[in-house]
Amino acid sequence: MKSSVTASQTELLQGLAASPGIVVGRALVLGEQQWEGGAPLRDAAEVEVEEQRLRRAVALAGQGLEELQITCRASFRQFVPLIAGHLLILEDPLFVERARCLIGEHMVPAETALRQALAGMEEQLAGLSDQYLRERVADVRHVANLIAARLAGAEQETVQDDPVILVGHDFSPEDVLAMDPDLVLGFVNELGGRTDHTAIVARTSGLPAVVGCAAACRRVASGDLLVLDGNRGRVLVNPDSSALAACRQEQAEQERQQRELAFFAHLPAETRQGRKITIEANLEMLEEVEPAMQYGAAGIGLFRSEFYYLTPDGPPSEELLLSIYSHLLVSFNPFPVTVRTLDVGGDKPIKGYGGRPEKNPALGLRAIRLSLQQPELFISQLRALFRAAEHGTLRIMLPMITSYNELLAAKALVRQVRDELRSQGLPHGDGVEIGMMVEVPSAVAIADSLAREVDFFSIGTNDLIQYAMAVDRGNEQVAHMYTPLHPAILRMIAQVVEAGHAAGIEVGLCGEMAGDAAILPVLLGLGLDELSMPPLAIPRIKKMVRLTDVEQAEELAAELLACPATEALQERLKAYLHSHYGLEWQGMGHETGVES
């Protein structure tokens, strides 16, 4: 492989941290899939030719996916449903069939029609304010790229000999699954986000990756020496000798820490005094089950079902949901699986259930409000959950409860579903716990009353902080005001924990705070029983738990609860982390150096 000019100046590219790891290697730039459409069509005969070309390209793309699906059954079984989902996109009338119709309607070649159909789908999905759902547009785009490649009949450049770091415009999950770990050190993607399928596959495969790295294909040449830092989401191009030495040192240290953390993954999460903390995983898709188990999750603390509802075909059937939930419960048995009931509406409409556009979707008809207004959706999900419950330990969690009567109304439907299943003689689980998310200030204020009506609390700090602080995290002008370490937030958490324990129920936390090692001693000091987080964070959090003196953590929490200002609170925590853990904290999510 030809190397770039050795005198190239060092350049730092910033993207998003998609999959952890630091690797050093030469670049192979694959670039963007070119969609050359050609001239407009002249007559019906040419339309027929282009429609046939599209049909053949779709068939070839489907054949490739089916072959990869067979291969995945051997080593990456968890991704078989993902590939099946991409196969379904090939059959989606809103996409492929739309592209076929556009050929005749606009008299354009198949490539142009495909691009127009993709633009329509992107516009439909990208208008959502939820980041996770916006990133689902990547699935449609990846399938479109597969079809475009078959239309072009082109083969991408492949790795020939030495291991490389791939740099591309839009690697798909299938691209990542096909990467040979002996030849590919990691990859850089110009597009993509942390929660799209490409990033999930990379994390599961243990392949370091940076995504959302704009213009990487233009700013990197094949042969350039790269340092890919999947922890921080950055790429160093042609580093000088001192920078390269520092990176190699950090790489060696990270490998040492990873070996150490692997040891902690399957140890119990117990403080120095022997107090047990339940560490669970937040999951969105079935593909994440195996990595969650590998990282030592003692169950699922939050399973979101929204992805299965927000499809062109509308809500899933009861039988499909039964299959999904049964798989989760069987996989994690005997550990508990907590499934949050539907949290859509507003800016996340379900096909066939869309209402009028809302000026402020975050405060509109969503979550439990939509479930109570459209009970058929809620009942179908509850039926699937109770029927699946015979396969393991299920907990059902109700989102966005804002009032006592709202909770009672939801519980009445839960009882109705139980009674119906019993009367119909359908097998279903007994002893299913019913809990709720505490994620709005009104629920915090009446937590004592709500606690007497549920089996557990889970504090959803992502929304709670947003609602309590009146801050939109997506608004860059005020995003800096979104801080978990605000005295008001810590006092709210303390109030919920106190109310839950007084009623004899366990209290967990499933927001981003749960996986932040720097905040862990505060959460333990506040008395939380369970923490649910991204699987990757579990080993480190377990290690921190085992290093924690809970009595000292309680003293810290009491001290921080008395702090009136965020700045003073953060400074006190910073000093505590350094003195008790040897941990240098530089802000949320940037702690380094936990000592044994």
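Taken over the stretch 268-326, the criterion of being in a helix (DSSP H, G or I) and either in contact with a strand residue (DSSP E or B) (Cβ under 8 Å, 6 or more places away or on another chain) or farther than 22 Å from Leu382 by Cα (or both) is satisfied by Glu287, Glu288, Val289, Glu290, Pro291, Ala292, Met293, Gln294, Glu306, Tyr325. Only one entry of Ser442, Ser403 meets the criterion of being surrounded by fewer than 20 Cβ atoms within 10 Å (Cβ to Cβ) and more than 28 Å from the chain's Cα centre (by Cα), and that entry is Ser403. Checking Ala215, Ala246, Ala281 one by one, the residue that is in contact with a helix residue (DSSP H, G or I) (Cβ under 7 Å, 6 or more places away or on another chain) and either at pLDDT 90 or above or not assigned by TED's automatic domain parsing to the domain that holds Pro521 (or both) is Ala281 and no other.
Scanning the stretch 353-368 for any residue that is at pLDDT 90 or above, touching a helix residue (DSSP H, G or I) at 6+ places or on another chain (Cβ under 7 Å) and more than 30 Å from Ala262 (Cα to Cα) turns up at least one such residue.
Checking each residue in the stretch 406-432 for being surrounded by 15 or more Cβ atoms within 10 Å (Cβ to Cβ) and over 16 Å from Ala367 (Cβ atoms) picks out Val417, Arg418, Glu420, Leu421, His428, Gly429, Val432.
Name the one entry in Ala216, Ala269, Ala243, Ala262 that is surrounded by 14 or more Cβ atoms within 10 Å (Cβ to Cβ), within 30 Å of Leu328 (Cα to Cα) and hydrophobic (A, V, I, L, M, F, W, C). Sole residue among the options that is surrounded by 14 or more Cβ atoms within 10 Å (Cβ to Cβ), within 30 Å of Leu328 (Cα to Cα) and hydrophobic (A, V, I, L, M, F, W, C): Ala269. Looking at the structure I just gave you, is Ala518 surrounded by fewer than 23 Cβ atoms within 10 Å (Cβ to Cβ) and in contact (Cβ under 8 Å) with a residue 12 or more places away in the chain? Considered against the rule, which asks whether it is surrounded by fewer than 23 Cβ atoms within 10 Å (Cβ to Cβ) and in contact (Cβ under 8 Å) with a residue 12 or more places away in the chain, Ala518 comes out as no.
From the list Ser532, Ser458, Ser442, Ser449, which residue is among the polar types (S, T, N, Q) and under 30 Å from Arg256 (Cβ atoms)? Just a single option satisfies the conditions, and that option is Ser532.
Filtered by the rule that a residue be surrounded by fewer than 20 Cβ atoms within 10 Å (Cβ to Cβ) and either in contact with a helix residue (DSSP H, G or I) (Cβ under 7 Å, 6 or more places away or on another chain) or modelled with pLDDT of 80 or more (or both), the stretch 115-127 gives Arg115, Gln116, Ala119, Gly120, Glu122, Leu125, Ala126.
The criterion of at least 3 residues that are assigned by TED's automatic domain parsing to the domain that holds Glu433 and either farther than 30 Å from Ser442 by Cβ or at pLDDT 95 or above (or both) is met, among helices (runs of 4 or more DSSP H) falling completely within the stretch 484-596, by 487-502, 520-526, 538-547, 550-561. In the stretch 336-352, which residues are at pLDDT below 75 and touching a Lys or Arg at 6+ places or on another chain (Cβ under 7 Å)? The answer is Gly345, Gly346.
For (1) surrounded by fewer than 22 Cβ atoms within 10 Å (Cβ to Cβ); (2) at pLDDT 80 or above; (3) within 28 Å of Arg218 (Cα to Cα), each residue gets a yes or a no:
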residue	(1), (2), (3)
Ile89	no, yes, no
Cys101	yes, yes, no
Ser129	yes, no, no
Glu157	yes, no, yes
Phe171	no, yes, yes
Ala178	yes, yes, yes
Val188	no, yes, yes
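Of Gly192, Gly206, Gly230, all but one fail to be within 30 Å of Tyr308 (Cβ to Cβ), surrounded by fewer than 19 Cβ atoms within 10 Å (Cβ to Cβ) and within 17 Å of the chain's Cα centre (by Cα); the exception is Gly206.
The values are calculated or read from the model by the stated rules, or taken from the named source; none is laboratory data. Note that the coordinates shown come from a computational prediction; the quantities given were computed from them, not determined experimentally. Note that we place each Cβ from the backbone using ideal geometry, even for glycine, and neighbour counts take in every protein chain shown.
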